[in-house]
2 protein chains.
Amino acid sequence: MLEVSLEVGVGMLSIEDIWEAAERIDSVVHATPVVQCEAIDDRCQANVLLKCENLQKVGAFKARGASNAILSLSDKQAQRGVVTHSSGNHAQAVAFAARSRGIPAYIVMPRDSPSVKRRAVEGYGGQITLCEPTQAAREKACAEIQKRTSAALIHPYAEERVMAGQGTVGLELMAQVEDLHAVLVPVSGGGLVSGIATAIKALRPEVAVIGVEPAGADDATRSWTTGELQGNTKPQTIADGLRANLGELNFEILQERVDDMWTVKEESIVEAMRWIFQRAKMVVEPSGAVALAGLMEHGVVRLQFEGPGRPNVGVVVSGGNIDLEPFFELLLPKVQA
Amino acid sequence: MLEVSLEVGVGMLSIEDIWEAAERIDSVVHATPVVQCEAIDDRCQANVLLKCENLQKVGAFKARGASNAILSLSDKQAQRGVVTHSSGNHAQAVAFAARSRGIPAYIVMPRDSPSVKRRAVEGYGGQITLCEPTQAAREKACAEIQKRTSAALIHPYAEERVMAGQGTVGLELMAQVEDLHAVLVPVSGGGLVSGIATAIKALRPEVAVIGVEPAGADDATRSWTTGELQGNTKPQTIADGLRANLGELNFEILQERVDDMWTVKEESIVEAMRWIFQRAKMVVEPSGAVALAGLMEHGVVRLQFEGPGRPNVGVVVSGGNIDLEPFFELLLPKVQA
């Protein structure tokens, strides 16, 4: 039987929020598989349990949080639609979740977003407003749409309903894998790690929850280490989904419920991508490979596991939205020859 | 209950051979998942059930046939090892299966095989002999090794034990999917389609079994259509796994048990790869995408399904061994910048 620790979750995101989210989004999103690959296990000297959110609807865990937030709206609120600004997976997730509730989604995207991402949002029926590629312009465009439509703002991470939705990844993983020793989670704004850590610390406090960040966008690690919320001045990483600053709400949860924060080099991210593509035969975006990169770079030794055998390590593969067109263009000359 | 049709399988590969193979290889290979992807379903107007042999050991269905053949050897035969010539997935499969039985594998590979494929064979402990890249040189090198070692030759497709092993794909698919309307299978030498067609026609003769080939290597289609075994003079296709000629044994089975043969254009193969990579988020090699290419190019209309709803179509994704290094090299400049 699972033991519920009642000390955790008073006054902030709680396990009850996550249980409710799980019920709410059950018919809208996938329960994603856990994949294990012998070659990766041997490389890491661990049972590496890849939690495949790259196989989630819209290709990323973001579908969970957006769906929970949008399904939580009252009918009256929902009618007016939802709005967000994002150039990435959250934009698609909001458009997807709004469509599944049959309400309008207004998505503010910077003018320089790749056309493939715009098409994906349009594919889910999202109504795009382009703006200058600055934070100020994005927020201004959002505010204007809200004023005009009274649409509800769906924040990508600093909102309880969104965090609760992401936390369902942790619930599922605990149900899928017995005897977890640790769970590694990529960190950006902190929505995913907040949700997962809340679920795990409530139900299995002995399981270590470790956040992993690119060294070139390590604001959450610095914040967690110093106890003061810090930002990235100029994030430099191939992991385009992990460049946002840690949210304030997320920072509080991180401090209380995350056991360690690790950073990884860019080379480790690419190495982890290679293993996932070539051995697990799955498509992963750079951000989605960061947790595995952590295990590969720091090694199972940092998990302080004291045998026997290998530890069971959950590794969240957060998304698979990477532009593969350059690769297909390399293939095309062969086809035309 | 499943009904066993006794007319089928007298004097050639039988369902009993495949049942025995399934038992023999059970602990050595994976029972691969069936994956369904909404976007692909909508594109094809069918429930497309991707049978994921790209997630098989060694990254291709070949692990099944090689394992069955090698586990069928007597201890005395096995001690002397096994030999084959192949530049592709069969080479890895034989090395893998020999290792799992703890016996030597001698693999003849043409001098011009990519180093990535050689390394994979060596990774499974195979002993490589390089030869000139001609059929004659390959067979000669094999014969010399057989003379020296008395190793057993494991043919890639024209051998009953190999076909029986590949047939377990069909058994699994029938157990995983109820009410199949048709199954699409890529065809090269014919080992995979022989095994699958034998399993399906014995247990569910009403399910259509359709072989799919690149138009640039359409010997099996021409053989099936004319009733006379024909070869490829100069196969031209990106699907490097589908350039071999149909085997004689395989031709007999094809004539008796395969309902239709389709060919596909090169562009359709790349289109199918795009859908599998970008929407199903899986890595697939060109040959592995040929069955889906068939459904995309010919359409569900050619399956003569008479509603209601959409037909359940099994599509064998035969392998995922594609060299992704060019793609990672495109990513590296970003990392070093």
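The values are calculated or read from the model by the stated rules, or taken from the named source; none is laboratory data. Treat the numbers as computed from the prediction; the structure is a model and nothing was measured. Methodologically, a virtual Cβ is constructed for each residue, glycine included, from the backbone with ideal geometry; neighbour enumeration extends over all protein chains shown. Protein only, heavy atoms only, side chains kept; ligands, DNA and RNA dropped before computing areas. Shrake-Rupley method; radii C 1.70, N 1.55, O 1.52, S 1.80 Å.
A Gaussian network model of chain A, with springs between Cα atoms under 10 Å, assigns the largest mean-square fluctuation among A:Val316, A:Val258, A:Val58 to A:Val258. Karplus-derived 3J(HN,Hα) values for the range B:79-89, using 6.51 cos²θ - 1.76 cosθ + 1.60 with θ = phi - 60°, are 3, 7, x, 10, 9, 7, 10, 5, 9, x, 5 Hz; glycine and proline are entered as x.
If you sort the three axes of the alpha carbon gyration tensor as a ≥ b ≥ c, you get a/c of 1.5 or more for chain B and a/b no higher than b/c, which makes it oblate. Which Cα, out of B:Leu295, B:Ala97, B:Ala39, lies furthest along the positive dipole direction of chain B (beta carbon charges, K/R +1, D/E -1)? After comparing all options, I get B:Ala97. Taking a ≥ b ≥ c as the square roots of the eigenvalues of the alpha-carbon gyration tensor, the range A:234-326 is classed oblate because a/c is 1.5 or more while a/b is no larger than b/c.
Inter-copy label distances at B:Arg111, using a point 7 Å along Cα-to-Cβ, come to 5.9 nm with the shortest given first. The magnitude of the dipole of the protein assembly as shown, with charges of +1 and -1 set on the Cβ of Lys/Arg and Asp/Glu and taken from the Cα centre, is near 1120 debye. Each residue, A:Glu139 and B:Glu306, gets one label point 7 Å from its Cα in the Cβ direction; the gap between the two is 6.5 nm.
Taking K and R as +1 and D and E as -1, what net charge do the other residues with C-beta under 12 Å from the C-beta of A:Glu23 add up to? Residues near A:Glu23 contribute -3 overall. Solvent-accessible surface of protein heavy atoms, probed at 1.4 angstrom with all chains present, puts A:His155, B:His85, A:His90 in the order A:His155, B:His85, A:His90, largest first. Close amide H pairs (under 5 Å, H built 1.01 Å from N) link B:Trp262 with B:Gly211, B:Val212, B:Glu213, residues at least 5 positions away or on another chain.
In the context of the full set of protein chains, residues of the range A:62-153 present 45 Å² of accessible surface per residue (probe radius 1.4 Å, heavy atoms only). Computed with every protein chain present, the accessible area of B:Leu249 is close to 60 Å² [probe 1.4 Å].
Charging the Cβ of each Asp and Glu at -1 and of each Lys and Arg at +1, and nothing else, the dipole of the range A:175-220 about its Cα centre rounds to 140 debye. In order along the range A:252-257, phi translates into HN-Hα couplings of 4, 5, 4, 4, 7, 10 Hz, rounded to whole numbers, per the Karplus curve 6.51 cos²θ - 1.76 cosθ + 1.60 with θ = phi - 60° and x for Gly and Pro. Assuming charge only on the beta carbon of Lys and Arg (+1) and of Asp and Glu (-1), the dipole of chain B about its Cα centre is about 1320 debye to the nearest 20.
Average accessible surface for the range A:177-295: 31 Å² per residue, computed with a 1.4 Å probe over protein heavy atoms with every protein chain in place. Seen through its C-alpha gyration tensor, with square-root eigenvalues sorted a ≥ b ≥ c, the range A:62-153 comes out oblate because a/c lies at 1.5 or above while a/b is not bigger than b/c. For B:Leu49, the residues whose amide H sits under 5 Å from its own are B:Val313, B:Gly314, B:Val315, ignoring neighbours fewer than 5 places away on the same chain, with H placed 1.01 Å from N.
Residues whose amide H falls under 5 Å from that of A:Thr129, counting only those 5 or more places apart or on a different chain, are A:Ile107, A:Val108, A:Met109, with hydrogens built in the peptide plane.
Shielding by partners for peptide A:271-277, expressed as the average number of C-beta atoms from other protein chains within 10 Å of each residue's C-beta, is 3.
Label-point spacing for A:Ser74 across the identical copies (point 7 Å from Cα in the Cβ direction), in nm and ascending order: 8.3. A probe of 1.4 angstrom, applied to the heavy atoms of all protein chains, finds B:Cys37 with accessible area near 20 square angstrom. For the range A:294-337, a decrease in accessible area of 40 Å² or greater in the assembled protein chains relative to the isolated chain, with a 1.4 Å probe, applies to A:Leu324, A:Glu325, A:Phe327, A:Phe328, A:Leu330, A:Leu331, A:Val335.
Only helices enter this figure: runs of n ≥ 4 DSSP H residues, each worth -39500 (n - 2.57), summed and divided by the residues of chain B, yield -13500 deg cm²/dmol at 222 nm to the nearest 500. With the whole protein complex present, A:Arg43 retains an accessible surface near 80 Å², based on a 1.4 Å probe. Of B:Thr84, B:Thr129, B:Thr226, which has the largest mean-square fluctuation in a 10 Å C-alpha GNM of chain B? Comparing B:Thr84, B:Thr129, B:Thr226 in the GNM, the peak value goes to B:Thr226. Across the identical copies, the label point of A:Gly299 (7 Å from Cα in the Cβ direction) is separated from its matches by 6.0 nm, in order from shortest. Pick out, from B:Val270, B:Ser67, B:Ile145, the residue whose Cα sits farthest towards the positive end of the charge dipole of chain B, with +1 on the Cβ of Lys and Arg and -1 on the Cβ of Asp and Glu. Farthest towards the positive pole: B:Ile145. Looking down the axis that turns chain B into chain A, the chain B residue with its beta carbon nearest that axis, and the gap rounded to whole angstrom, comes out as B:Phe327, 2. Counting only protein heavy atoms and a probe of 1.4 Å, the accessible surface of the range A:132-258 is 47% carbon and sulfur. The B-A contact accounts for approximately 2800 Å² of buried accessible area, totalled over both chains at a 1.4 Å probe radius. Phi-derived couplings, Karplus 6.51 cos²θ - 1.76 cosθ + 1.60 at θ = phi - 60°, listed residue by residue for the range B:296-305: 5, 7, 8, x, 5, 4, 6, 7, 6, 8 Hz, with x used for Gly and Pro.
Within the straight-line cut-off of under 12 Å between alpha carbons, the aspartates and glutamates reachable from A:Lys234 are A:Asp218, A:Asp219, sequence neighbours fewer than 8 places apart in one chain being disregarded. When both bridge partners sit in the protein assembly as shown, DSSP labels roughly 10% of those beta bridges antiparallel. Between the C-alpha center of the range A:144-222 and that of the range A:226-273 there is a gap of 12 Å. By the rule of a C-alpha distance below 21 Å, with chain neighbours fewer than 8 residues away ignored, the lysines paired with A:Lys57 are A:Lys117, A:Lys281, B:Lys51, B:Lys281. Taking a straight line from the alpha carbon of A:Lys147, these aspartates and glutamates sit under 18 Å away, with near neighbours fewer than eight places off in the same chain left out: A:Glu139.
Look at the dipole of the protein assembly as shown built from charges on Cβ: of A:Ala164, B:Ser86, B:Ser14, the Cα furthest out on the positive end belongs to B:Ser86.
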